[in-house]
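Below is one structure; the comments refer to it alone.
The values are calculated or read from the model by the stated rules, or taken from the named source; none is laboratory data. Bear in mind that the values here come from a model prediction, so they are computed numbers and not experimental data. Because the Cβ atoms are built from the backbone with ideal geometry, glycine has one as well, and the counts that use them run over all protein chains shown. What goes into the accessible areas is simple: the full protein's heavy atoms, side chains included, and nothing from ligands, DNA or RNA. Shrake-Rupley method; radii C 1.70, N 1.55, O 1.52, S 1.80 Å.
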Amino acid sequence: MSHQPVAVVGIGQTHHKKSRADVSIAGLVREAALRALEDANMDWSDIDAVVLGKAPDLFEGVMKPEMYLADALGAVNKPMFRVHTAGSVGGSTGIVGSHLVSSGRHKRVLSIAFEKQSEGNAQFALGGGKGASIGAGGAFAPFIRAYIRRSGAPEDIGWQVAVKDRLNGAKNPYAHLKLADITIEKVKESPMMWDPLHFLESCPSSDGACAVVFTDEQGGKAASKPPAWVLATAMKSEPSTFAGRDPVSPAAAHACSDEIYRAIGVTNPREQIDCAELYVPFSWYEPMWLEAHDIAAPGDGWRMTAEGATALDGSFPVNMSGGVLSSNPIGASGLLRFAEAALQVRGMAGEHQVGGAKLALAQAYGANAQFYAMWAVGSSLDPLG
Amino acid sequence: MPDVVRESVFNLQFPFTRSLGSTLSTFFSALAQGQLIGVRTGGRVIAPPLEYDPDTAADAGTDYVKVGPKGTVSSWTWVPEPTHLHTVKHPFAFAFITLDGADTPMIHVVDAGSESAMAAGMRVEAKFKPTEECAGRIDDIIAFVPAADPSPSDGAGEPYAAPAENAITMLDSFCDLTYVDNTSASTLLWMESLLKGQIIGQVCPMCNRTYVGPRNMCCVDAIPLDESTLVTVPDRGVVTNFTIITPVQYPGQTETEPFVRVSILLEGTDAVMAQQSVLEIPASEVRVGMHVEAVWAPESERDVSDIGNRGWGSGGECIRGWRPTGQPDEPAENFVERMM
Amino acid sequence: MARTENDIAIVGFAQGEMERRSQKTETEMMLPVVAEAIASVGLTKSDIGFTVSGSCDYLSGQAFSFVSNVDAYGAWPPINESHVEMDGAWALYEAFVRLMQGDIDTALAAGVGKNSNSDASTLYTIEMDPYYLTPLGADPWSLAALQARALLDSGRATERDFAEVVARNRASAKSNPKAQVAGDFDVDELLAADYVRNPLRRHDLPPTTDGCAAIILARGKKAYELCERPAWITGFDHRIEAHLPTMRADITRSVSTALAAAGAGVKNGPIDVAEIYAPFSFQELIIRDALDLDASTEINPSGGALATNPVMVSGLIRMGEAANQIIKNGKRRTLAHATSGPCLQQNLVAVLEGDE
Ligand SMILES: [Zn+2]
């Protein structure tokens, strides 16, 4: 079959902020794209196709903005593709871009994802323009309450994740929140937003973009900087609600990581994978995903957090970039996870680098915890070999 | 009994605030002063300017050039009945207008009185709002009108020196769209049951799951569910989970104080109604395992006009909320995971 | 030519009712169509390797409107699934690329659009440049009319040519049971109508249609298992142009269509039938020009988008109709085209072939 190796050779992101009032929408996406092209030592003309992802168009009030952005992203006379898979969209944008190369259709592809939340209001958009919008926090808080009950986790686990991710974010020059002086006390004392979630356990609302340049095997081997090899990709979905669905440890989450592990021969993810970027918009999702992706045994995810295993210097670092808790340009948040995993195995993550990372996992999820996108990237095509 | 709503009109309105970035700020700041500009890039002058060359995506730079205020129409069309979104409220033309000093046309409005006045090649000039009304928007130009004097614009093509700081950096953009949604058959059944003071659902014959309210399909088996699968379910149940939401303010927000939303497992079924409100007790007293029953509005006050096709389980103005029955709580651990 | 495991074919196609105003939600429209497409090739939902749909949040004015559409798949146990905010023809493109990964051998691509809830003349103003065009209420009809006038002024077409495109498509639509606007229309009578946007009359604009369609793809041997005469996708490409029509070198030419046609290998042989997605009558002339088809090619036997235009589905229907020409009518080589954006900004071309 035609499946060919794919390399990530360029990564770029914007400085994420509450409001990037200094740029237009085009200016925002170009900032990320130009950084990715520079990293890849390429120019616009080197790119064969562009894939754009973002969350709902109602966030900025521009319908299908890839049409307006086509020329800003150098796509004129080229293929331009638009993905929308809810919160997992950033991940899907990376996966679709990588598939365009692995299928042999293109040699060099630019995937870019963005959100400019300051143009509108996500709560408004999620509430369908009506009052009493519960927002994402209101939708996920019950799942978190159920996880706490099920696992018997102590209440400070969420606070610990909130602190750890912000301290990581303080090391990331692009992160929106840089809360170097955050403490457990401050998280605990911050206002209760969606009981049991405190304000500081929740993601910010950010403007930002992320871009990734993919090439084929030849391009990866010829790249001037170390490439990250895309070893496996998966996208899984299940319906929003039906009697008996488990939204705490969803079947689609397990199926998604199962497919990745099987594809690359991982039998013990906690031992064999060096680090992971997981989509954690609310603190408790760290232990929840560790279990739902079978990195920890059921009920044990919170122990990894409590023992410091998920810290930057732990045995299984999670969200080295600071994660969604530090920057949340919604549509880009998934691709930021995917890009950080690639940065880690390229050894280019700077102050938030995990020493010797050879195999990294990235995940994004969306809607009612029902859409999943994942990839595994390696410093070589056979990092376990 | 009031009739159910078969079509609901929804106005999607939102005031977006767009930041402009350097190039657009320069253009709109100049425009607010009555000056049109373009940018020289790739050997031609693009007006209005873009921050990138549309052919190559290269940075278009800051080689700004004065253009207009007169220009030449290269294509036009006539709008006999303007919509509420058009900026001119009487019949007008849209046109491609190549401003003097520019190499590419801009799209704008021409107010020429009648369709017969329109022609390719006609000379037009920008008619601005009074300076004090100019806000740095593309509609600061009310319209282009036939040029009294077709001779070339003074100063077109001359360099434009942008000020160090632009006065205009943001653009307010009010989205105002109207949707008319027609109510689906399953939602009509739901509305009718609520008006009668009943909660209905559908039971899938393949997997036996109950869906409250009816969806006319089973999302597990992907089969349609017809009226033969309808059941009336109890308006009592147990709280399985909840959250207390601190409202974030946004245009259209109706809440100011923290409010509770609960999930309720209906008695004798596997169906959960999510995002329900609780009455008669403060939010802090809501517990998992608590028995509750629906509080129905008096029949004359029941209203389903706010129920849309996506409001599965929304009680409209029929179920005002749920109140504790006073029965002893069930063990929380038996219910907490039944969120759906 | 012998087919290999790398070759991918359309093997099944289903389309639901095409109506001016459906009483159903998008999800309800999808349920029977997805089921029919899967059943048409003798499969069940658990046999499908990958599922992807195209739809648009702003058609319903609801963020994440596509999320409930997953219910129509019966995605349990969980499935491999994706969504594009594009016409279903591009969803099909994603499915095509996904099949090329080699781990699966069937895929389903759907498109759904409940267009009747909104008003095209106002809705699509927010698809335009948000700084220069949206604040003017620049609407798709006006932009199309500016393109149409440029075509007239080029001397390559007349208003009568536009009306003849309409009459031919609507006459062809008489044999399409799914067509919404079909019948015999007199060109002179059409030309007597008032302009909606000079030089476009109401008949030059597409109807408003609610609808859904779904296509089953299969790879290699699987295609022969599912279909006696698969419609092999031998060429598939899509390209985009500058957003502002005024930034394109010549708005009366579709450079992106010509590039996509070259990428899809249109010229590698004669085309028996072409299904062109031209939402405005005159755009068919521009697309035909860019495809450089000869007189032997039959255009839009389905009636095209002037007869039925469920936005987000119309391109996918062109793929299905072109495939059925091979699967059911024994044609040898057909073409499907799809478009998106103001003044034909983005275009997709696929070439389908049946075995000799
Ligand atoms: Zn069922």
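Which residue, of C:THR209, C:THR252, is open to solvent by less than 10 Å² (accessible area, probe 1.4 Å), more than 30 Å from C:GLU19 (Cβ to Cβ) and away from chain A (no Cβ under 14 Å)?
C:THR252
Could you list all residues from the range A:234-255 that are of a type in the set (D, E, K, R) and open to solvent by less than 10 Å² (accessible area, probe 1.4 Å)?
Within the range A:234-255, A:GLU238, A:ARG245 qualify.
Please work out which residue is most open to solvent (accessible area, probe 1.4 Å), limiting yourself to the range A:27-55 and to residues that are assigned to a loop (DSSP other than H, G, I, E, B) and small (Gly, Ala, Ser).
A:ALA40
Confirm whether A:LYS186 is farther than 20 Å from A:MET288 by Cβ and outside any loop (DSSP other than H, G, I, E, B).
For A:LYS186, the condition - farther than 20 Å from A:MET288 by Cβ and outside any loop (DSSP other than H, G, I, E, B) - is met.
What pairs come out if I take residues in the range A:332-344 that are more than 13 Å from A:GLY87 (Cα to Cα) and open to solvent by less than 10 Å² (accessible area, probe 1.4 Å) and pair them with residues that are of a type outside the set (A, V, I, L, M, F, W, C) and not in a helix (DSSP H, G or I) whose C-beta lies under 7 Å away, six or more apart or interchain?
Close Cβ pairs satisfying both conditions: A:ALA339/A:GLN13; A:GLU340/A:GLU277; A:GLU340/A:SER321; A:ALA341/A:GLU277; A:GLN344/A:GLN353.
Looking at the range C:125-146, which of the residues that are open to solvent by 20 Å² or more (accessible area, probe 1.4 Å) and touching a residue at least 24 places away in the same chain (Cβ under 8 Å) is nearest to the other protein chains (Cβ to nearest Cβ)?
Restricting to residues being open to solvent by 20 Å² or more (accessible area, probe 1.4 Å) and touching a residue at least 24 places away in the same chain (Cβ under 8 Å), the top hit is C:TRP141.
Which of the numbered conditions does B:THR243 fail, given that it passes all the others? Conditions: (1) of a type in the set (S, T, N, Q); (2) within 16 Å of the ligand (Cβ to nearest atom); (3) open to solvent by less than 40 Å² (accessible area, probe 1.4 Å).
(2)
Could you list, in sequence order, the residues of the range A:226-244 that are within 11 Å of another protein chain (Cβ to nearest Cβ) and more than 16 Å from the ligand (Cβ to nearest atom)?
If the condition is that a residue be within 11 Å of another protein chain (Cβ to nearest Cβ) and more than 16 Å from the ligand (Cβ to nearest atom), then A:ALA232, A:THR233, A:ALA234, A:MET235, A:LYS236, A:SER237 are the ones that fit.
If we only count strands (runs of 3 or more DSSP E) wholly inside the range C:189-257, which ones have 3 or more residues that are not assigned by TED's automatic domain parsing to the domain that holds C:SER60?
By residue number, C:195-197, C:231-240.
Considering the range B:191-217 alone, what residues qualify as being more than 30 Å from the chain's Cα centre (by Cα), away from the ligand (no atom under 11 Å from the Cβ) and crowded, with 24+ Cβ neighbours inside 10 Å?
B:ILE199, B:GLY201
Here are the criteria: (1) away from every other protein chain (no Cβ under 14 Å); (2) surrounded by 15 or more Cβ atoms within 10 Å (Cβ to Cβ); (3) among the small types (Gly, Ala, Ser); (4) within 16 Å of the ligand (Cβ to nearest atom). Tell me which single one B:SER228 does not satisfy.
(2)
Can you go through C:GLU298, C:GLU321, C:GLU353 and tell me which one is closer than 25 Å to C:ALA120 by Cβ, open to solvent by 10 Å² or more (accessible area, probe 1.4 Å) and touching a strand residue (DSSP E or B) at 6+ places or on another chain (Cβ under 7 Å)?
When all the criteria are applied, what remains is C:GLU321.
Within the range A:11-26, can you find the residues that are in a loop (DSSP other than H, G, I, E, B) and within 25 Å of A:ALA342 (Cα to Cα)?
Result: A:THR14, A:HIS15, A:HIS16.
Could you tell me which numbered condition B:LEU265 fails, if it satisfies all but one of (1) outside any loop (DSSP other than H, G, I, E, B); (2) facing chain A (nearest Cβ under 7 Å)?
All conditions are met except number (2).
From the list B:THR77, B:THR87, B:THR72, which residue is open to solvent by 10 Å² or more (accessible area, probe 1.4 Å), at pLDDT 95 or above and closer than 26 Å to C:ILE126 by Cα?
One residue alone meets the criteria, B:THR87.
Identify, from the list C:GLY341, C:GLY315, the residue that is closer than 22 Å to C:VAL166 by Cα, within 14 Å of chain A (Cβ to nearest Cβ), open to solvent by 10 Å² or more (accessible area, probe 1.4 Å) and within 14 Å of the chain's Cα centre (by Cα).
Result: C:GLY341 is the single residue among C:GLY341, C:GLY315 that is closer than 22 Å to C:VAL166 by Cα, within 14 Å of chain A (Cβ to nearest Cβ), open to solvent by 10 Å² or more (accessible area, probe 1.4 Å) and within 14 Å of the chain's Cα centre (by Cα).
Looking only at the range C:219-232, how many residues end up being open to solvent by 10 Å² or more (accessible area, probe 1.4 Å) and within 14 Å of chain A (Cβ to nearest Cβ)?
Total satisfying the criteria: 3.
Being surrounded by 14 or more Cβ atoms within 10 Å (Cβ to Cβ) and within 14 Å of chain C (Cβ to nearest Cβ) narrows it down to one residue among B:ALA185, B:ALA156; which is it?
From the options B:ALA185, B:ALA156, the qualifying one is B:ALA185.
Out of (1) open to solvent by 20 Å² or more (accessible area, probe 1.4 Å); (2) over 13 Å from C:ALA89 (Cα atoms), the odd one out for C:GLU284 is which?
(1)
Answer yes if at least one residue in the range B:49-61 is touching a strand residue (DSSP E or B) at 6+ places or on another chain (Cβ under 9 Å), away from chain A (no Cβ under 14 Å) and hydrophobic (A, V, I, L, M, F, W, C), and no otherwise.
Scanning the range B:49-61 turns up no residue that is touching a strand residue (DSSP E or B) at 6+ places or on another chain (Cβ under 9 Å), away from chain A (no Cβ under 14 Å) and hydrophobic (A, V, I, L, M, F, W, C).
Consider the range A:102-114. How many of its residues are open to solvent by less than 10 Å² (accessible area, probe 1.4 Å) and more than 17 Å from C:GLY235 (Cα to Cα)?
Number satisfying all stated conditions: 7.
Take the range C:173-184 and flag every residue that is over 19 Å from C:SER314 (Cβ atoms) and either open to solvent by less than 80 Å² (accessible area, probe 1.4 Å) or outside the structural domain of C:SER142 (by TED's automatic domain parsing) (or both).
Result: C:GLY183, single match.
Out of the residues in the range C:20-48 meeting the condition of being of a type outside the set (A, V, I, L, M, F, W, C) and more than 11 Å from every other protein chain (Cβ to nearest Cβ), tell me which one is most open to solvent (accessible area, probe 1.4 Å).
C:ARG20
How many of the residues in the range A:196-233 are in a loop (DSSP other than H, G, I, E, B) and either free of Cβ contacts under 8 Å to residues at least 40 places away in the same chain or open to solvent by 10 Å² or more (accessible area, probe 1.4 Å) (or both)?
Selection size over the range A:196-233: 9.
Restricting attention to the range B:98-128, which residues are farther than 28 Å from B:PHE14 by Cβ and within 9 Å of chain C (Cβ to nearest Cβ)?
B:THR98, B:THR104, B:PRO105, B:GLU115, B:MET118, B:ALA120
Identify, please: which residue in the range C:147-156 is touching a residue at least 40 places away in the same chain (Cβ under 8 Å) and open to solvent by 10 Å² or more (accessible area, probe 1.4 Å) and is, among those, farthest from the other protein chains (Cβ to nearest Cβ)?
Residue satisfying both the conditions and the ranking: C:ARG156.
Right, C:ARG170: more than 8 Å from chain B (Cβ to nearest Cβ) and either in a loop (DSSP other than H, G, I, E, B) or open to solvent by 10 Å² or more (accessible area, probe 1.4 Å) (or both) or not?
It is true that C:ARG170 is more than 8 Å from chain B (Cβ to nearest Cβ) and either in a loop (DSSP other than H, G, I, E, B) or open to solvent by 10 Å² or more (accessible area, probe 1.4 Å) (or both).
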